[in-house]
Amino acid sequence: MPDRIASSWRGPLLLPLLVSIAVIAQPVSASQRFVGKGELELAFTPLDDAESLLVDVIDGARRSLHVQAYAFTSKRIANAMVAARKRGVDVQVLADAQMNRSMKGNALPILLAGGVPVALERKYNAAHNKVLIADAAGAGCTVVTGSYNFTWSAQNRNAENVLVLRGHCELAQAYRANWLRHRREADALTAPPRKP
């Protein structure tokens with residue numbers, strides 16, 4: 001386990017508890033239930049280096065990377081996504097339209113310049129998901145979620161959490177199916193929005 005992630009937890013026993021809590025918190029008609037399996041890694045900011053954890057997941061993707069971002073200003077994360085695209089990974093990003101209406105300090109122009117397709121979600125008051133889904137269809141399937149926005153503040157100023165779930169491909173495929181549903185409702189961004 002990397003030293004830089006001081007409070008990371010790994011273990012198969014935590015996943016069933018987390019999934020059970022998530023299922024209890026959801027309306028019965030909207031929930032999905034999974035048997036716990038795989039490996040978990042947990043980081044808390046600002047104590048832990050969650051940004052490096054996210055970059056490690058991006059760097060480890062071999063086939064696909066589907067991303068949902070609320071706020072996205074981390075150039076390091078954006079550059080890792082562009083590098084993944086250059087090595088042949090199918091990288092696609094969904095972002096909240098309202099939060100990303102200004103390109104000042106935003107990382108979306110880096111993605112667009114690097115050939116990463118970006119779409120903006122406008123249907124919701126807030127497209128507040130923070131999700132990375134790597135290689136959902138096979139070996140190396142990984143889901144990253146939590147409160148962590150892809151921003152400098154999330155790493156350095158805020159109290160945030162990141163949960164990495166590896167090796168649970170059914171869960172990764174459920175996240176990807178939700179991502180695809182959101183993508184159908186989103187508008188492709190072909191150039192950065194103009195400043196208001």
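The values are calculated or read from the model by the stated rules, or taken from the named source; none is laboratory data. Bear in mind the structure is a predicted one, so any value in this text is a computation, not a measurement. Cβ coordinates were reconstructed from backbone atoms using ideal geometry, including for glycine residues, and neighbour counts include every protein chain displayed.
List of remarks:
- Checked against the criteria, Arg85 does not count as in a loop (DSSP other than H, G, I, E, B) and modelled with pLDDT of 95 or more.
- Residues of region 152-165 that turn out to be surrounded by 22 or more Cβ atoms within 10 Å (Cβ to Cβ) and of a type outside the set (Gly, Ala, Ser), as a count: 4
- Checklist (1) closer than 24 Å to Ala154 by Cβ; (2) at pLDDT below 90; (3) not basic (Lys, Arg) applied to Ser20, failing item: (1)
- Qualifying residue in region 94-110 (condition: touching a residue at least 40 places away in the same chain (Cβ under 8 Å), among the basic types (Lys, Arg) and under 21 Å from Tyr175 (Cα atoms)): no
Let's see how each residue does on (1) over 22 Å from Glu41 (Cα atoms); (2) among the aromatic types (Phe, Trp, Tyr); (3) in contact with a strand residue (DSSP E or B) (Cβ under 6 Å, 6 or more places away or on another chain); (4) not in a loop (DSSP other than H, G, I, E, B):
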position: Pro109; (1), (2), (3), (4): yes, no, no, yes
position: Ala119; (1), (2), (3), (4): yes, no, yes, yes
position: Asn125; (1), (2), (3), (4): yes, no, no, no
position: Ala136; (1), (2), (3), (4): no, no, no, no
position: Gly140; (1), (2), (3), (4): no, no, no, no
position: Thr145; (1), (2), (3), (4): no, no, yes, yes
position: Tyr148; (1), (2), (3), (4): no, yes, yes, no
position: Ala154; (1), (2), (3), (4): no, no, yes, yes
position: Asn161; (1), (2), (3), (4): no, no, yes, yes
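- Residues within region 123-144 that are modelled with pLDDT under 95 and either on the phi > 0 side of the Ramachandran plot or surrounded by fewer than 20 Cβ atoms within 10 Å (Cβ to Cβ) (or both), tallied: 11
- Region 132-150, residues that are of a type in the set (Val, Ile, Thr) and in contact (Cβ under 8 Å) with a residue 40 or more places away in the chain: Ile133, Thr142, Val144
- Pick from region 68-79, criterion in contact with a Leu (Cβ under 7 Å, 6 or more places away or on another chain) and modelled with pLDDT of 95 or more, ranking: surrounded by the most Cβ atoms within 10 Å (Cβ to Cβ): Ala78
- Filter result for the condition that a residue is among the basic types (Lys, Arg) and within 15 Å of the chain's Cα centre (by Cα), over Arg157, Arg87, Arg122, Arg76: Arg76
- Ala95 vs. criteria outside any loop (DSSP other than H, G, I, E, B), at pLDDT below 90 and buried (at least 21 other Cβ atoms within 10 Å of the Cβ): yes
- So Glu185, is it acidic (Asp, Glu) and buried (at least 20 other Cβ atoms within 10 Å of the Cβ): no
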